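Some notes on the structure that comes next.
The values are calculated or read from the model by the stated rules, or taken from the named source; none is laboratory data. Source: prediction; values computed, not measured. No Cβ is skipped: glycine too gets one built from the backbone with ideal geometry, and neighbour counts run over all protein chains shown. With ligands, DNA and RNA removed, areas are computed over all heavy atoms of the protein, side chains included. Shrake-Rupley method; radii C 1.70, N 1.55, O 1.52, S 1.80 Å.
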Protein chains: 2
Amino acid sequence: MKLAPARTLCPDCRLVDLCLPYGLHIDEVKQLARIVKNKRLLPPEEYLYLQGDECRSLYAVKSGSFRCFISNADGTEQTLGFYFPGELMGLDSLQHGRSTCSTVALETGMVCEVPLSRLNELCTEIPGLQIQMMRILGKEIASDHDQIVLLGHSTAKKRMATFLLMLSRRYGALGFSNTAFNLSMRRVHIANFLGLTIETVSRQLAELGKQGIITIKQRDVQINDLDLLKAIVEHCSAQQLYAGQPLS
Amino acid sequence: MKLAPARTLCPDCRLVDLCLPYGLHIDEVKQLARIVKNKRLLPPEEYLYLQGDECRSLYAVKSGSFRCFISNADGTEQTLGFYFPGELMGLDSLQHGRSTCSTVALETGMVCEVPLSRLNELCTEIPGLQIQMMRILGKEIASDHDQIVLLGHSTAKKRMATFLLMLSRRYGALGFSNTAFNLSMRRVHIANFLGLTIETVSRQLAELGKQGIITIKQRDVQINDLDLLKAIVEHCSAQQLYAGQPLS
DNA sequence: GAATGAAATTGATCCAGATCAAGAATACCG
DNA sequence: CGGTATTCTTGATCTGGATCAATTTCATTC
């Protein structure tokens with residue numbers, strides 16, 4: 001998922017309208033580009049930052065995808081989310097200047113580092129940038145809320161369907177197909193994100209496959225019936241949807 | 001939980017160091033106080049705003065407590081969190097100017113309304129205020145992450161213990177006792193917040209009572225052994241802690 | 001292309017917490 | 001104060017997803 005060549009600056013970046021500069025005037029974008037430093041290329045499995053690290057920057061995803069997670073005292077992990085191009089990582093460190101989670105590259109990826117001190121200064125000069133920061137933070141909060149609802153109230157099937165639809169929407173927004181994509185994360189990370197075990201993830205994917213709603217081969221996903229997937233999310237269980245008609 | 005008389009302005013409010021003005025100079029606090037409007041008194045069960053409402057303000061809790069929740073299509077609710085004095089409600093509406101959740105008073109409470117347009121203006125004039133906003137937003141994100149971890153990975157007992165400790169910490173921070181307090185929410189809201197049923201909440205509380213860790217009578221909670229409660233959260237199940245020694 | 005190891009699938013069993021079903025305690029109100 | 005409606009507790013049973021246990025599939029390396 002490489003969207004832009006490495007040295008592109010914000011004004012020429014394809015992600016300009018999906019990222020921090022959204023809504024800014026061209027000269028404001030140039031100002032912002034001036035404070036962005038250290039574009040960094042990360043190979044798969046490399047950590048961007050670790051839980052507890054001092055963290056005085058935000059990181060925008062330029063290409064690739066990332067996984068953010070919390071390590072518990074008992075050695076287990078909880079995946080908090082996945083990040084795709086145009087999204088801002090490290091927002092939780094705004095609280096104390098220290099990250100409360102770790103972030104790792106799922107595939108080769110590039111990030112743009114935005115030092116917080118410079119960003120704060122620029123926010124006072126460019127009101128639109130401050131508004132956009134608030135929008136991004138509000139969005140992060142709203143999406144965390146969605147995750148809380150998902151983990152608090154849903155069956156395994158609904159969690160799986162919600163996950164696939166979330167990927168579909170985000171890939172679509174980036175200009176990729178919203179019905180055929182490649183999972184950049186392993187089953188264990190999906191399981192971990194959805195509060196399930198890998199066995200359950202595997203079984204749910206298999207069942208969606210048997211019902212013809214998706215076709216899945218390892219990491220390759222093809223969504224055959226987006227509406228049915230949405231129906232699973234809106235109602236509760238897929239069985240109900242099929243009541244009275246034979247499957248497969 | 002009435003901390004301050006109704007008409008107190010920010011500079012004289014007891015919550016000044018727990019709320020939005022934290023870290024500001026006295027004249028900056030006065031500037032902030034000038035944009036705060038419509039202190040509103042809400043009786044129990046009254047809604048501050050509804051899911052989907054246009055929402056161009058943030059609301060600081062001055063007294064009382066509030067519950068924030070999302071209503072699902074199937075009629076179920078997910079409680080996202082509880083708000084106590086000094087905390088800021090409505091942060092998710094920063095995304096689109098529309099609230100993604102409903103907020104309701106649990107008991108008689110007072111809120112201070114902070115119009116977003118004025119707040120944004122003031123943030124460009126007072127760098128400390130902008131920093132504080134970022135801190136508050138980062139804190140909200142980090143606490144949502146904690147909730148995701150709790151819902152994704154914990155037994156009923158651990159959820160219950162975590163909940164009690166969270167209340168203990170927050171009441172303590174407000175200057176109240178951190179070992180004896182009154183629950184302002186019903187069992188159903190606790191259940192709903194923790195992704196459990198009321199029956200499970202009731203049973204877990206009863207068991208903590210039998211073990212002598214807490215004493216609970218309806219809404220009155222007395223924590224007898226804070227360390228043991230912490231141990232339940234850090235380890236996994238209380239049974240392990242008691243291995244080998246008779247209970248009660 | 002065979003050998004090794006990691007990741008994913010599939011099957012069998014188990015259990016924590018949900019659900020169902022009474023009761024008990026408390027609050028509300030005329 | 002008694003009657004009614006909520007809210008909470010407690011007990012009995014059930015079940016979705018976890019756990020345990022093989023396989024199978026895929027990726028990597030020589």
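Laid out as a table, the results:
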read-out: Backbone HN-Hα couplings from phi across region B:52-69 [Karplus 6.51/-1.76/1.60, Hz, Gly and Pro as x]; value: x, 4, 5, 8, 10, 9, 9, 10, 9, 6, 9, 8, x, 9, 9, 10, 10, 8
read-out: Point-to-point label distance, B:Glu46-A:Asp17, nm (Cα→Cβ direction, 7 Å offset); value: 4.5
read-out: Teacher prompt: A:Arg40 distances to equivalent labels in other copies, 7 Å Cα→Cβ, nm; value: 4.4
read-out: Using a 7 Å Cα-to-Cβ projection, A:Gln51 label spacings across copies, nm, ascending; value: 3.0
read-out: Pseudo-label separations to other copies for B:Thr155 - Cα-to-Cβ vector, 7 Å, nm; value: 2.8
read-out: Residue list for region A:79-94, given a label point 7 angstrom along the Cα-to-Cβ vector of B:Asp146 and an amide N cut-off under 18 Å; value: A:79-80, A:91-94
read-out: Distance between modelled label sites at A:Glu199 and A:His235, nm, 7 Å Cα→Cβ extension; value: 2.9
read-out: Other protein chain Cβ atoms within 10 Å, averaged over every residue that makes up B:149-159; value: 5
read-out: Dipole magnitude of the protein assembly as shown about its Cα centre (Cβ charges: Lys, Arg +1; Asp, Glu -1), debye to nearest 20; value: 220
read-out: Table column - 3J(HN,Hα) (Hz), region B:119-134, Karplus curve with 6.51, -1.76, 1.60, x for Gly and Pro; value: 5, 4, 4, 5, 5, 6, 8, 10, x, x, 6, 5, 4, 5, 4, 4
read-out: Top of B:Lys62, B:Lys157, B:Lys217 by mean-square fluctuation, Gaussian network on chain B, Cα under 10 Å; value: B:Lys217
read-out: Region B:27-88 and region A:1-74: distance between their alpha carbon centers, rounded to Å; value: 33
read-out: Under-5 Å amide H pairs with A:Ser63, H placed in peptide plane, nonlocal only; value: A:Met110
read-out: Kirkwood hydrodynamic radius (C-alpha pairs) into Stokes-Einstein, the protein assembly as shown, 10 °C and 1.306 mPa s, D in µm²/s; value: 66
read-out: Calculated FRET efficiency for the pair A:Gln31/A:Arg56, C-beta based, R₀ 25 Å, to 0.05; value: 0.80
read-out: Which of B:Arg170, B:Arg98, B:Arg159, B:Arg14 is most accessible, then next, and so on - probe 1.4 Å; value: B:Arg14, B:Arg98, B:Arg170, B:Arg159
read-out: Accessible surface of A:Lys37 - all protein chains present, 1.4 Å probe, nearest 10 Å²; value: 90
read-out: With every protein chain in place, the protein assembly as shown: carbon and sulfur % of accessible area (1.4 Å); value: 50
read-out: Approximate spin-label separation B:Arg98-B:Ala73, in nm, with each point projected 7 Å along Cα-to-Cβ; value: 1.6
read-out: With all protein chains modelled, accessible area of B:His235 [1.4 Å, Å²]; value: 100
read-out: Interface residues, region A:79-101 - accessible area loss of 40 Å² or more versus chain alone, probe 1.4 Å; value: A:Leu80, A:Asp92, A:Leu94, A:Gln95
read-out: Accessible area per residue, Å², the protein assembly as shown with all protein chains present, probe 1.4 Å; value: 44
read-out: Translational diffusion coefficient (Stokes-Einstein; Kirkwood radius from C-alpha pairs) of region A:10-149 at 25 °C, 0.890 mPa s, in µm²/s; value: 159
read-out: Peptide-level mean, for B:126-132, of C-beta atoms on other protein chains within 10 Å; value: 2
read-out: Whole-Hz couplings from phi, Karplus 6.51/-1.76/1.60, listed for region B:147-153; x for Gly and Pro; value: 5, 4, 4, 4, 6, x, 9
